[in-house]
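The numbers here are math on the coordinates, done by the rules we state, and not lab data. Values in this document were obtained by computation on a predicted structure and should not be read as measured data. Backbone-built Cβ (ideal geometry, glycine too); neighbour counts: all protein chains shown.
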Amino acid sequence: MKEIRDPKDLAVNGAPPAFIEPLHVGRPNIGDREGFLQRVEAILDNQWLTNNGPMVQEFERRIAGQLGVKHCIAMCNGTIALEIAIRALGLEGEVIVPSWTFVATAHALYWQGITPIFADIDPATHNLDPAAVRRMITPRTSGIIGVHLWGRAAPVDELQDIAEEHGLSLMFDAAHAFGSSYKGRNIGSFGACEVFSFHATKAFNTMEGGAVTTDDDELAEAMRLMRNFGFKGYDNVIHPGTNGKMIEVCAAMGLANLDGFDAVVDTNIRNHAAYKAALINIPGVRVLDYDPAERNSHHYIVAEVGPDCAASRDAIIAALHAENVLARKYFWPGCHGMQPYRDLFPHAGLMLPETDRVASEVVILPNGFSADESAIATIANVIKTLAG
Ligand code: T4K
């Protein structure tokens, strides 16, 4: 745990910061360290470092089994996994996505010459608003990518209905949603496919990594080919492709972290409750809840600083940074405010009032093994000092 000063004695006017070392959002959780190192030894002994090696195959089997889905295709990261899924589905023209997401969701389309069309969100859930999605459909629309933001399931059924009504493909960016459920069923088999990120900063990580999961045999086969340049056996390329392969060491990290995932979730749930209790009496500050009826890793502590708060969101972030708490503004200002989309669609914000509002209010606070009750009390005290 980080060394911290007494919460009652917070730093102002040049005093040293409350946290001697920075407290990051996204500090990686390391699961079974011994188990990881043993697997690395096995990889070195085996001299099979990448390209569908035994660790990757075991990792894929375990993920598919755990999520209850037919296929898991492990990839080098979530962005390439998105690009491959988008290509395998044959998306083209325009695809509807939220602007309130990490920019990779939009980039994965734009990188392939497809126009991301940004639809507004439901401010209560931060996920796509189905009515807003309907408003953005044009004759060029080929698909919808729902994002399970903060691991909360997107409105899967409503998006499926829209997709069927209009003959559109539907897939999900499940980068945040490992271990989440929708109506009691694991995220992983909704839509045509779902894409996970296992980046170091995620609740479950493989250092870098990602995967696509699907129940569709043909789609899975196409994505496996695309992941390895389109090779089917030696010297036989039968498909356009790229290099999306997960390496063995990343799969080893994934296997070790799968063993430790429940402990991460338990810690996160405890921390989330501690944050809620500590911040409850600050007017205008609200910690986003997770639906108790669904599973969620509780990885993201999402606080909203409303107009009725005595301090602005940015002032709170500045105060936290001064104390070495590196709170984040994920995903401010929304994709539509980032390049190239800001120049391409300068008026997109007119259709995104809820996105703009939420983007101006959100603060993400540290979580996982690197935050504990006393750190959370100190963080709450910094916020209270300014806004309480
Ligand atoms: N879709 C969605 C909805 C996503 O959120 C993401 C990724 C993707 C798609 C794409 O998946 P990947 O291609 O990334 O697999 C991070 C991550 O880079 C990104 O994976 C993630 N979402 C996004 C939400 O956050 P940054 O710019 O905040 O990450 P970075 O590397 O600056 O790290 C943040 C903090 O974490 C650092 O200040 C320190 C700490 N950290 C980070 C790393 C990598 C550590 O302590 N140790 C580490 O090893 O974007």
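Answer rounded, prolate or oblate for region 218-375, using the Cα gyration tensor with square roots of eigenvalues a ≥ b ≥ c: rounded when a/c is under 1.5, else prolate when a/b is larger than b/c, else oblate.
Oblate, since a/c reaches 1.5 and b/c is not below a/b.
Sort 91-98, 241-248, 50-57 for me by packing, meaning the mean count of neighbouring Cβ atoms within 10 Å per residue, highest on top.
Top of the packing list down: 91-98, 241-248, 50-57.
Nearest 5 percent is fine: what portion of the DSSP beta bridges confined to region 33-259 is antiparallel?
50
Which value in deg cm²/dmol, rounded to the nearest 500, describes the helix-derived mean residue ellipticity at 222 nm for the chain, given -39,500 (n - 2.57) per DSSP H run of n ≥ 4 and division by the residue count?
-11500 deg cm²/dmol
Choose one of Val302, Met207, Asn324: the residue whose Cα lies farthest towards the positive end of the charge dipole of the chain (beta-carbon charges +1 Lys, Arg; -1 Asp, Glu; about the Cα centre).
Asn324
Measuring from label point to label point, each 7 Å out along Cα→Cβ, what is the Tyr110 to Phe231 span in nm?
With each label placed 7 Å out from Cα toward Cβ, I get 3.3 nm.
If I model the chain as equal point scatterers sitting on the Cα atoms and use the Debye formula, what is log10 I(q)/I(0) at q = 0.06, 0.07, 0.08, 0.13 Å⁻¹?
At q = 0.06, 0.07, 0.08, 0.13 Å⁻¹ the computed log10 ratios are -0.24, -0.33, -0.43, -1.09.
So for the chain: antiparallel DSSP bridges make up what percent, rounded to the nearest 5?
Roughly 60 percent of the beta bridges in the chain run antiparallel, per DSSP.
Give the relative contact order (percent, whole number) for region 33-259; include only Cα pairs under 8 Å separated by 6+ residues.
On the way: 491 pairs, mean separation 60.2, N = 227.
Answer for region 33-259 is 27 percent.
Classify region 78-156 as rounded, prolate or oblate, taking a ≥ b ≥ c as the square roots of the eigenvalues of its Cα gyration tensor: rounded when a/c is under 1.5, otherwise prolate if a/b is larger than b/c and oblate if not.
Oblate shape, in that a/c is at least 1.5 and b/c is the bigger or equal ratio.
When the dipole is taken about the Cα centre of region 33-259, and only Lys, Arg (+1) and Asp, Glu (-1) are charged at their Cβ, what size is it in debye, to the nearest 20?
In total the dipole reaches around 260 debye.
Pick out, from Phe369, Ala311, His166, the residue whose Cα sits farthest towards the positive end of the charge dipole of the chain, with +1 on the Cβ of Lys and Arg and -1 on the Cβ of Asp and Glu.
Ala311
Report, in listed order, any pair from Lys276/Lys329; Lys202/Lys384; Lys202/Lys232; Lys70/Lys183 with a Cα-Cα distance greater than 30 Å.
Details: Lys276/Lys329 19 Å; Lys202/Lys384 28 Å; Lys202/Lys232 32 Å; Lys70/Lys183 19 Å.
Exceeds cut-off: Lys202/Lys232.
Given Cα pairs under 8 Å that are at least 6 residues apart, what percent is the relative contact order of the chain?
23
Please report Rg over Rh for region 33-259, where both radii come from the alpha carbon positions and Rh follows the Kirkwood definition.
That ratio equals 0.98.
Helix 78-88: angle to the longest alpha-carbon principal axis of the chain, degrees 0 to 90, nearest 10?
Tilt relative to the chain: about 40 degrees.
Could you tell me which of rounded, prolate or oblate describes region 185-291, using a ≥ b ≥ c as the square roots of the eigenvalues of the alpha-carbon gyration tensor, with rounded for a/c under 1.5 and, failing that, prolate when a/b is larger than b/c and oblate otherwise?
It is prolate, given that a/c is not under 1.5 and a/b is the larger ratio.
Taking H placed 1.01 Å from N in the peptide plane, check which residues at least 5 places from Leu89 or on another chain put their amide H under 5 Å from its amide H.
HN-HN under 5 Å from Leu89: empty list.
Order these peptides, 375-382, 233-240, 352-359, by their mean beta-carbon neighbour count within 10 angstrom, highest first.
The packing order, highest mean first, is 375-382, 352-359, 233-240.
Tell me, Kirkwood radius of region 116-212 from alpha-carbon pair distances, in Å?
In region 116-212 this quantity evaluates to 13.8 Å.
May I ask for the Rg/Rh ratio of region 1-156, computed from Cα atoms with Rh as the Kirkwood radius, given to two decimals? Let's see the in-between values first.
Numbers: Rg = 21.8 Å, Rh = 19.8 Å.
Taking Rh as the inverse mean 1/r over Cα pairs, Rg/Rh reads 1.10.
Where does region 319-388 land on Rg/Rh, using Cα atoms and the Kirkwood Rh?
1.12
Explain nothing, just the number: dipole magnitude of the chain about its Cα centre with +1 on each Lys and Arg Cβ and -1 on each Asp and Glu Cβ, in debye rounded to the nearest 20.
That gives a dipole near 500 debye.
Taking the dipole about the Cα centre of the chain, with the C-beta of Lys and Arg at +1 and of Asp and Glu at -1, give me whichever of Ala132, Gly284, Phe231 is farthest to the positive side.
So the residue furthest toward the plus end is Gly284.
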